Amino acid sequence: MSTILITGGTGLIGSALAVKLIAEGHHVVTLTRKKGKVEQRLAGLCEEAIWDINSRQVDEVAIAKADYIIHLAGAGISEKRWTDKRKKIIRDSRIKSSELIAHALHVIPNKIRAVVSASAVGWYGPDIASSAGKSFNETAAPGNDFLGETCRLWEQSIGEVARQGTRLVIVRTGIVLDNKGGALPEFRKSLRLGIAAILGSGKQMISWIHIDDLCRIYLKAIDDENMIGTFNAVAPAPVSNRSLTLELARRVRGPNFLAVHVPAFALRIIFGEMSIEVLKSCSVSAEKIMAKGFRFLYPDIESALNALLRRPRGSGSARDE
């Protein structure tokens, strides 16, 4: 049994991952600013320890007894409009937390065997910037927009861990599909009114991953000592916004929906600068993680929606009430 320290453990990914780690017999410690924030299903099953990135304080005992660190901390990308203040929060929450981890491992005696850190496919620019129309792989340069620069600084800051000699795995995560939060509930909102809202042209490609496959990638990164460096965490079959929206609508509403395109100018008004990401087509490759022997449980959007909606297409609608 290993002791695994998780930052961002109260979020969507952290909570799901903690459940799986505990089920496998690991001892989980969640770093949090205030105790009592873990999900109810985790209460009593994992330990909590305090850290504060602004004051650069972290529980030294938690660092000293951990075997691995999974670093997921960071303010939500899509929770609020991207004002200058919000963009600073998004960026600082990632960079300062990474710097604190690297500093802690430098000054606190520890036995950390590996650090597995989140990043995002926001690293990549639009598909038009990829080589010869191919999907982006891990060697691609960062995009020149807000998320591209944020991811570059994020990975650079946690990279100090590797420079200290600790095995580091960086997981560039796509759009996470899960019923508990993230993108899928947002896609389903308009379906309650019988409207399948296709964003812009709908042709933009979405690089996505089922929450279970994402957790399995983190587990593999812990177990596989040959995993070093950056890996994309995306399903091998990106899907267009239009295809995802209509596939979801058919499964949730059967034939009882109206497909409506939300024009790009309206999305720019609603989301501001964030609309760049909503409208961006970004096809990301899963080849590197698959070459490490990882096999996806949900390699395509059909299998993912089957699992998430628990009702395969053709067996009746999983209607939102």
Any hit, the range 51-59, residues being of a type in the set (S, T, Y) and at pLDDT 95 or above: no
| Quick one: would you say W82 is touching an Asp or Glu at 6+ places or on another chain (Cβ under 9 Å), surrounded by 18 or more Cβ atoms within 10 Å (Cβ to Cβ) and closer than 29 Å to I276 by Cβ? | yes
Of the residues in the range 171-221, those that are polar (S, T, N, Q) and over 23 Å from I13 (Cβ atoms) come to S190, S201, Q204
For V115, the lone unmet condition from (1) closer than 24 Å to K65 by Cβ; (2) in a loop (DSSP other than H, G, I, E, B); (3) without any contact (Cβ under 8 Å) to a residue 60 or more places away in the chain; (4) in contact with a strand residue (DSSP E or B) (Cβ under 9 Å, 6 or more places away or on another chain) is (2)
For R192, the lone unmet condition from (1) out of contact with any Cys (no Cβ under 9 Å at 6 or more places or on another chain); (2) crowded, with 16+ Cβ neighbours inside 10 Å is (2)
Of (1) at pLDDT below 95; (2) touching a Gly at 6+ places or on another chain (Cβ under 6 Å); (3) among the basic types (K, R), K35 satisfies every one except (2)
Here the residues within the range 298-312 that are part of a loop (DSSP other than H, G, I, E, B) and over 13 Å from A233 (Cα atoms) are D300, R310, R311, P312
Reported set for the range 163-185 where residues are free of Cβ contacts under 8 Å to residues at least 12 places away in the same chain and on the phi < 0 side of the Ramachandran plot is R163, P185
Has the range 224-231 got at least one residue that is assigned to a strand (DSSP E or B) and closer than 23 Å to Y298 by Cβ?
yes
All-but-one check, L45 against (1) free of Cβ contacts under 8 Å to residues at least 60 places away in the same chain; (2) under 23 Å from the mean Cα position of the chain (by Cα), failing number (2)
Among the residues of the range 288-297, the number that are under 12 Å from A235 (Cα atoms) and not in a loop (DSSP other than H, G, I, E, B) is 3
Open item on the list: E48 - would you say it is buried (at least 20 other Cβ atoms within 10 Å of the Cβ), within 24 Å of L168 (Cα to Cα) and charged (D, E, K, R)?
Closed with: yes
Margin query: So for the range 241-263 (the condition being part of a loop (DSSP other than H, G, I, E, B), touching a Phe, Trp or Tyr at 6+ places or on another chain (Cβ under 9 Å), crowded, with 18+ Cβ neighbours inside 10 Å and at pLDDT 95 or above), does at least one residue qualify?
Written below: no
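The values are calculated or read from the model by the stated rules, or taken from the named source; none is laboratory data. Keep in mind it's a predicted model, so treat the numbers as computed, not measured. Methodologically, a virtual Cβ is constructed for each residue, glycine included, from the backbone with ideal geometry; neighbour enumeration extends over all protein chains shown.
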